[in-house]
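So the structure is just underneath, and the comments pick up after that.
The values are calculated or read from the model by the stated rules, or taken from the named source; none is laboratory data. Bear in mind that the values here come from a model prediction, so they are computed numbers and not experimental data. Reconstructed Cβ throughout: ideal geometry from the backbone, glycine too, with neighbour counts over all protein chains shown. The protein model used for the area step is the full one, side chains on, heavy atoms only, and it has no ligands, DNA or RNA in it. Shrake-Rupley method; radii C 1.70, N 1.55, O 1.52, S 1.80 Å.
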Amino acid sequence: MKSYKIVVLGSGGVGKSAITVQFVSGYFVERYDPTIEDFYRKVLQVDGDEVELEILDTAGTEQFASMRDLYIKNGDGFLLVYSIVNGDTFEHIQALRQQILRMRDENVPIVIVGNKCDRSDERIVSYEDGIILSKEWRCPFRETSAKTTQNVVDIFVDIAKEIGSGSDSSTKCKPTCCTVQ
């Protein structure tokens, strides 16, 4: 069975832990409790094959930024998470990508994740902004909601496919929005 190391990066409070816990355990973490580092494993079906994901949920605060270099060196792929209700977090994932590119190959697998789409009435970052960034970076983009589970599994499938495809650009740039019901 293939095993992939997934690193979840983004600012504090964007929902990195909520997404990860929702994916691994199937429940929504309601309150914000800043993470230092949490590690999870889950087996996932991807195109008929079982893949073991080793997921590292990282700290979003600058206090633990020095640990980020180690995560970046060891990760096979990255979920860069921002909150659609906070423009600063969208800017922050762009800085995170630059940090990744300074240490890694240009073709490192990344999925852009706009979280909290259940709060679209409070939206600051447009869906189109995510699409534009996705096209610029040539990587998948999805809006998610850890609360409603919208697209949560899909982002982990996307990153597993990105890692598995290597530099095959045929799987790149398939943005998917979150439809609020």
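So which residues in the stretch 21-31 are among the polar types (S, T, N, Q) and surrounded by 16 or more Cβ atoms within 10 Å (Cβ to Cβ), if there are any at all?
Scanning the stretch 21-31 gives a single hit, GLN22.
Quick one: ASN107 ticks every box in (1) modelled with pLDDT of 95 or more; (2) in a loop (DSSP other than H, G, I, E, B); (3) among the polar types (S, T, N, Q) except a single one, so which number is it?
In the conditions (1) modelled with pLDDT of 95 or more; (2) in a loop (DSSP other than H, G, I, E, B); (3) among the polar types (S, T, N, Q), ASN107 misses (1) alone.
List the number of the failed condition for ARG102; all other conditions in (1) open to solvent by 40 Å² or more (accessible area, probe 1.4 Å); (2) farther than 22 Å from TRP137 by Cα; (3) at pLDDT below 95 hold.
Of (1) open to solvent by 40 Å² or more (accessible area, probe 1.4 Å); (2) farther than 22 Å from TRP137 by Cα; (3) at pLDDT below 95, only one is false for ARG102: (2).
Step by step: first the residues of the stretch 69-96, then only those that are aliphatic (A, V, I, L, M) and touching a strand residue (DSSP E or B) at 6+ places or on another chain (Cβ under 6 Å), then the one that is surrounded by the fewest Cβ atoms within 10 Å (Cβ to Cβ). Which residue is that?
Out of the qualifying residues, it is LEU96.
Conditions: (1) over 18 Å from ASN151 (Cβ atoms); (2) open to solvent by 10 Å² or more (accessible area, probe 1.4 Å); (3) at pLDDT 90 or above. LEU44 meets all but one. Number of the miss?
Single failed check for LEU44: (1).
When the residues of the stretch 8-20 are filtered to those that are open to solvent by 10 Å² or more (accessible area, probe 1.4 Å) and either at pLDDT 95 or above or among the polar types (S, T, N, Q) (or both), which remaining residue is nearest to LEU70 (Cα to Cα)?
Among those that are open to solvent by 10 Å² or more (accessible area, probe 1.4 Å) and either at pLDDT 95 or above or among the polar types (S, T, N, Q) (or both), it is SER11.
Name, by its number, the condition in (1) among the β-branched types (Val, Ile, Thr); (2) at pLDDT 95 or above; (3) surrounded by 14 or more Cβ atoms within 10 Å (Cβ to Cβ); (4) not in a loop (DSSP other than H, G, I, E, B) that does not hold for ILE132.
(3)
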